[in-house]
Amino acid sequence: MSLAESWADPGRVRRYRERVLAERTRLRSAFADPEGHQRAVLADLLECNSGTEYGKRHGFGAIRTLDDYRKAVPVQTYADLEPWIERAAAGETGVLTADQPAVFFTSSGSTGAHKKIPVTPRFMRTTFFPFYYAAWAPLIEHFPDVLQHPGAVLNLKHDPLAAPPTTASGRPHVGASQVDFGERFGEPLSAEPGTGAPWATLPVPVEAGEHLEKMYLRLRLAVENDVRCVIGINPAMVAALPYQLNLWWPRIVKEIRDGTLGGHPHGAPDPERAAALDRLAERHGTVRPSHIWPRMRAIFCWTTGLARLYLPRLREQFGPGVTVLPAPVAASEGPVGVALDRHPSAGSLVVTASVYEFADADEDLAPDTATLGPHELEPGRDYHVVFSHVGGLYRYAVGDVVRVVDHDGGVPRLEYTGRGNRSDHAGERLRDAQVVRAVETALRAGGLELHNVACRVDRSRYEFAVAPRTPWNDEERERFTARLDDALRGESAGYRQARDGNRLGAPSLLCLDADAFLRDWQRTVAVGTRPTQVKDRLFRQHPEQWARLTEGAPASNEPLGRNEP
């Protein structure tokens, strides 16, 4: 049975809904004893992998407590584990895990190189699938009509490959969204919403690396369907959709009129539908998703980081009553938090998935960094995430920073705030989260809005490039820049000291046109990067990245900044 047929089967939809809600119930039940479940996860990964080369070298067989484990295993990054992972990817057995990896997830590192994240069947059963199913519970529970028919969900991240790249041992090396979990891991219910849509497997030939063309083809088909939900995970993909809709509108309408898809015959010509779409464009000028899909109900994507600055207005383009549900706090390496209700940004720690440790986000992580347990976290503070799971990642610093929103049901609820790397030109040590909060403060103080923002250090001062939602006059620009400077001082003692010591000048501002960040995103995808991996990026120090983003800025748009004393 194909995925389209599967999602059209009411029995399958019922079983899927039951599984999703049951996994959420099991996770909530675990909150009655979170520390007990954390001990159980540690005991399981130690017992399972004590006979591996890594386990023997680090004395897994003799470890009994978390303190023992901390003494035996240092905090480590992908670079530390990479030699072990590469051996496993080459086909060696018993290196990191007793259970052999079936797949290696790909993830872009800070250098742009593709990591190889080992994925074992045991990891999928004990760590991944329970969290993965539970993540869909708020959507399925509150918006059941998104499963009404296979074409009701436009899943932007779903991108199956007929011939996936492999490691030296022949294991697939792909993104998580490119794996058929049913076929690979024996989970027939694991196909997520949208994977049975008419565009999920494209009916016309297209090269695997032609990512923009694949996005066009899916959008072209989706225009003819009653879409109720958009799944993006990466919010930059969701933000690109209205832009692409207008960019490709003439081509979409022509292909519907001619009965073609990507220039290939597809279905019968439909001049009536094409004429109706033409009238939409004439009536509204700018075609919005809400015009095409008037019964849109929900968007599923990350709602924090830079997205918190633009999602409220972006949501309006999809419809005035559309709800944005937060995607899990997770990485290719493993889960951290999952929203179990309709909280707009935070997810509960998945206490059954991994052993979790945390460290103050303002401190540098080192192999011997002292860490905190989940019960020691304080609301309103930012932390590095370190986790360990049975899949072979031990005391792994994933590189993400989370903020504790509150404690609910005995466990912390977390929201993703950005990567843990810093911008540090003169001792300011600015993190993503600090700059985003400062920008948000400065915007709110002046009643301003923007589509996106990036910054770099230029001539010992921070230069901010912003795409205002509506044009800002000179006074607004100057006030925003001054308020931003003040807000950065409040967020970071290092920034305040660098400014007071004249090691950093006042920030400057460059206003771009509304579509500047969208064009930059489109260009990045066009040269071969998968859309899921082209994420919002705040710090853009590379000169070529900055030049590409700011290309075409008006010559008269000189950066404004507070005068130096």
Here are some residues: R19, R39, R12. Which one is touching a residue at least 12 places away in the same chain (Cβ under 8 Å), in contact with a Leu (Cβ under 9 Å, 6 or more places away or on another chain), open to solvent by less than 30 Å² (accessible area, probe 1.4 Å) and not in a loop (DSSP other than H, G, I, E, B)?
R12
Residue list for segment 342-370, restricted to those being assigned to a loop (DSSP other than H, G, I, E, B), out of contact with any Pro (no Cβ under 6 Å at 6 or more places or on another chain) and surrounded by fewer than 20 Cβ atoms within 10 Å (Cβ to Cβ):
H343, P344, D362, E363, D364, L365, A366, D368, T369, A370
Go through T93, T111 for me and flag whichever is surrounded by fewer than 20 Cβ atoms within 10 Å (Cβ to Cβ), at pLDDT below 95 and outside any helix (DSSP H, G or I).
T111
Count - residues of segment 471-486 that are closer than 13 Å to A438 by Cβ and open to solvent by 20 Å² or more (accessible area, probe 1.4 Å)
3
Determine which member of the set R489, R419 is in contact with a helix residue (DSSP H, G or I) (Cβ under 9 Å, 6 or more places away or on another chain), free of Cβ contacts under 8 Å to residues at least 12 places away in the same chain and open to solvent by 10 Å² or more (accessible area, probe 1.4 Å).
R489
Have a look at E5, E47 and point out the one that is modelled with pLDDT of 95 or more and either among the acidic types (D, E) or surrounded by 15 or more Cβ atoms within 10 Å (Cβ to Cβ) (or both).
E47
Filtered residues of segment 513-528 (kept if among the hydroxyl-bearing types (S, T, Y) and either in contact with a Ser or Thr (Cβ under 8 Å, 6 or more places away or on another chain) or open to solvent by less than 20 Å² (accessible area, probe 1.4 Å) (or both))
none
If a residue counts only when it is more than 25 Å from L161 (Cβ to Cβ), which helices (runs of 4 or more DSSP H) contained entirely in segment 192-307 have at least 1 such residues?
235-247, 249-258, 271-284, 289-292
Those residues of segment 151-181 which are assigned to a helix (DSSP H, G or I) and either touching a Pro at 6+ places or on another chain (Cβ under 7 Å) or open to solvent by less than 10 Å² (accessible area, probe 1.4 Å) (or both) amount to G151, A152, Q178
Note on segment 267-301: residues touching a residue at least 60 places away in the same chain (Cβ under 8 Å), buried (at least 16 other Cβ atoms within 10 Å of the Cβ) and touching a Lys or Arg at 6+ places or on another chain (Cβ under 9 Å) are W293, M296, R297, A298, I299
Can you tell me which residues in segment 492-501 are touching a residue at least 24 places away in the same chain (Cβ under 8 Å) and open to solvent by 50 Å² or more (accessible area, probe 1.4 Å)?
Q497
Just checking, does segment 226-236 include any residue being closer than 22 Å to V146 by Cβ, more than 20 Å from the chain's Cα centre (by Cα) and open to solvent by 20 Å² or more (accessible area, probe 1.4 Å)?
yes
For segment 54-73, how many residues are assigned to a loop (DSSP other than H, G, I, E, B) and surrounded by 15 or more Cβ atoms within 10 Å (Cβ to Cβ)?
4
For segment 417-445, name all the residues that are of a type outside the set (A, V, I, L, M) and in a loop (DSSP other than H, G, I, E, B).
G420, N421, D424, H425, G427, E428, R429
Pick out the one residue from G334, G373 that is open to solvent by less than 10 Å² (accessible area, probe 1.4 Å) and out of contact with any strand residue (DSSP E or B) (no Cβ under 6 Å at 6 or more places or on another chain).
G373
For D486, only one of the following conditions fails: (1) farther than 30 Å from D159 by Cα; (2) charged (D, E, K, R); (3) within 18 Å of the chain's Cα centre (by Cα). What is its number?
(3)
State whether one or more residues within segment 317-331 are among the aromatic types (F, W, Y), more than 20 Å from F129 (Cα to Cα) and open to solvent by 10 Å² or more (accessible area, probe 1.4 Å).
no
I'm trying to understand the selection: among the residues of segment 22-36, which are under 26 Å from the mean Cα position of the chain (by Cα) and open to solvent by 50 Å² or more (accessible area, probe 1.4 Å)?
T25, R26, R28
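The values are calculated or read from the model by the stated rules, or taken from the named source; none is laboratory data. Small disclaimer: the values here were computed from a predicted structure and weren't measured. With ideal geometry, Cβ positions are generated from the backbone for all residues, glycine too; neighbour counts draw on all protein chains shown. With ligands, DNA and RNA removed, areas are computed over all heavy atoms of the protein, side chains included. Shrake-Rupley method; radii C 1.70, N 1.55, O 1.52, S 1.80 Å.
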